[in-house]
Each structure stands twice: as structure tokens, then as C-alpha cells.
Amino acid sequence: MLSEKEPDQDSSAAEYSSRSSSLLQGGARERLRATLQAIWSNKGALIGAIIVSVFVITSLVVGIANTLHITITPYNPIQQNTGPALAPPSWAHLMGTDQLGEDVFSRIVAATPNDFAVSLAVIAFALIVGALLGTYAAFHGGLVDEALMRITDIFFAIPVLVLAMAIGVALGVGIVHMTIALMLVWWPPYARLARGEALKIAHQNYIDAARLSAAGRFRIILKHALPNITMTLIVYASLDIGTVIIIYAGLSYLGLAVTPPQPDWGQMVSAYRDFILSAPWLPLFPGLVIALGVIGFSLLGDGLRDTLEAF
């Protein structure tokens, strides 16, 4: 009798798991629609979305132009003597010129793809690696789970900036090396968050049904667990990307990421800090751009968080 009932139980479990997965996909589409509506109705989130969109579009356009060896900025960002040295903002130079006669606006725009790409690369890596490690640890448990938690404790014990500086110095100065250094230190919070969210759903009906249908651990994680915790991780990432921008700007300010004449927001603040009294627009504008990027992502993240809490 048992041998006759087992196929029916497996078949029912598989059907239930499939039906649950379809409902989850439908729910994901509904959440996306509700999220877009919430952003549209939330003034702060809408402003954040507009700011982020401007950064994204600027990065894409400048990146494509650089690939095609086309200069779309008013002046060549590394060309000196485009105007009088230390010229104040004017129609000819919207953000003035620096001590070498370089156009500050052109340099800020030209630096956008690098600063933005580094931040997105670090967040994407931390999100993917952290989600996979944290979810796997939650579903595996035991020694694997304990080992991951102790590793994250080690990372949390050391300030991110200090650890990134140590790794970056060991790898060598350069934007690629600084990106790698930030990637290596940024994933632990995502692993912890993913683990906590995965533990909440580890014994939900659709997870149990997937287990009864003989689905493997990796299949359950990829098909059932990750789709249900992704929104939480994305909200956290949208709030966290502003922190990455600040940390990377700090590393660049210290001269560990970009070297002149390549433009970079943090490096520009550092290079212009001696002119804060005689030509205050020089450190002001790149600093404002960094602040604007942080504010934009923070406002957008707050809107996404409010939407998530509504479900």
C-alpha cells in the first residue's frame, strides 16, 4: 500500500510546489507594479528616482562616447588652459576652471561613469554573493552556517574603510584594484541579511512542498527561496549604494583609486581642497555631486522600503 501511495504524494507535492511557484511569480509582478505606483505617489522616492536616472543616463551616454572616442563634454576633461586659471562659474565654464585651466564641469561629467560603475559593481557583487552564501547557510545549517557567521563577525570587527584600504594597498593603486577591495569587504552584511530572511521562510508550506517533491537544495534555493528574499535585499542595496559612493570617494580622496589627470569626484575634492577659500567652487561642485548621488539613492531606497513594509 505504501508503494502505491508514495507516487501520489510525490505528485501532489510537485503540483503544489508548481502552483506555489506560479503564485509567487504572479505576486512578484504585482509587487513590481505596486512598487512603481508607490514611487510615483511618493515625492521623496520620485525625486530620488529622477536623480538616480540622471546619473544612470549620464554614465551610459559618457561611457558609450568614451568607447567611440567621442568627446561630448563642453571641453576635453583632461585638457589644460581651456580658459583662465581659477575662473569663477560662467556661461563659458558652468562650474568654473581649476588652477590648470581645466573645465570643472567637463571633469565632473567625465568622472560619472567610473564612480557610478564602481558603486554598482560593488553592490551587485555583494548582493549576489551575499544572497547565495546566506541562503545556502540557512538551508544547510550546522557547521556551514556556523562558519559563515564567524567569518562575517571577523569582517564586522574591522571598519570597512580600513579593511578596504589595507586590501587596496596590497593590490596596488588603481580603480580596478579598489573595486576588487571593496567587493571583498562588502558582502558580509548581505550574507547575514539573506540568512535571516531565508530562515524565516525555511519551513513555509511551499518550501516543504518542494522538499516533498524531491527537489534538491540548490533548486529550492534558486527557484523558491531567493525570489522571496530578493526584494528585501534590493531595498537594502538601494540604501547601501550611497555608502559605497562615499567610501569610494574617500579612497579616491586619499589617492588610492584614481591618479591625475583622470577625473574622479573624490580625487577632485582632494586636489582642490587648498583652494577652499580662494576659489571655493572648486571643491564645492564635486562635493555636491557626491552628496546628490547619496541623497538620490537614499530617497529611492526609503521609497522602496516603505513599499515593502506595505505588503
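So which residues in the stretch 94-146 are of a type in the set (S, T, N, Q) and either surrounded by fewer than 18 Cβ atoms within 10 Å (Cβ to Cβ) or within 20 Å of Tyr236 (Cβ to Cβ) (or both)?
If the condition is that a residue be of a type in the set (S, T, N, Q) and either surrounded by fewer than 18 Cβ atoms within 10 Å (Cβ to Cβ) or within 20 Å of Tyr236 (Cβ to Cβ) (or both), then Gln99, Ser119, Thr135 are the ones that fit.
Select from the stretch 50-65 the residues that are of a type in the set (S, T, N, Q) and surrounded by 15 or more Cβ atoms within 10 Å (Cβ to Cβ) and list them in ascending order.
Passing the criteria: Thr58, Ser59.
Give the residue that is farthest from the chain's Cα centre (by Cα), with candidates limited to residues of the stretch 38-63 that are among the polar types (S, T, N, Q) and part of a helix (DSSP H, G or I).
This residue is Ser41.
Output the number of the condition that Arg211 fails; it satisfies all remaining conditions of (1) within 25 Å of the chain's Cα centre (by Cα); (2) in a helix (DSSP H, G or I).
So Arg211 meets the others, but not (1).
Checking the condition touching a residue at least 40 places away in the same chain (Cβ under 8 Å), of a type outside the set (Gly, Ala, Ser), over 24 Å from Gly196 (Cβ atoms) and in a helix (DSSP H, G or I), which residue from Asp115, Asp145 passes?
The conditions single out Asp115.
Would you check if Gln99 is free of Cβ contacts under 8 Å to residues at least 24 places away in the same chain and part of a loop (DSSP other than H, G, I, E, B)?
No, not satisfied.
Could you list all residues from the stretch 259-278 that are part of a loop (DSSP other than H, G, I, E, B) and more than 14 Å from Ile246 (Cα to Cα)?
The answer is Thr259, Pro260, Pro261, Gln262, Pro263, Ile276, Leu277, Ser278.
Can you pull out every residue in the stretch 220-246 that is closer than 17 Å to Phe55 by Cβ and either modelled with pLDDT of 90 or more or of a type in the set (Ser, Thr, Tyr) (or both)?
Correct list: Ala237, Ser238, Asp240, Ile241, Gly242, Thr243, Val244, Ile245, Ile246.
The values are calculated or read from the model by the stated rules, or taken from the named source; none is laboratory data. In this text the structure is predicted, and so the values were computed from the model without any measurement. Glycine also receives a Cβ, built like all others from the backbone with ideal geometry; neighbour counts cover every protein chain displayed.
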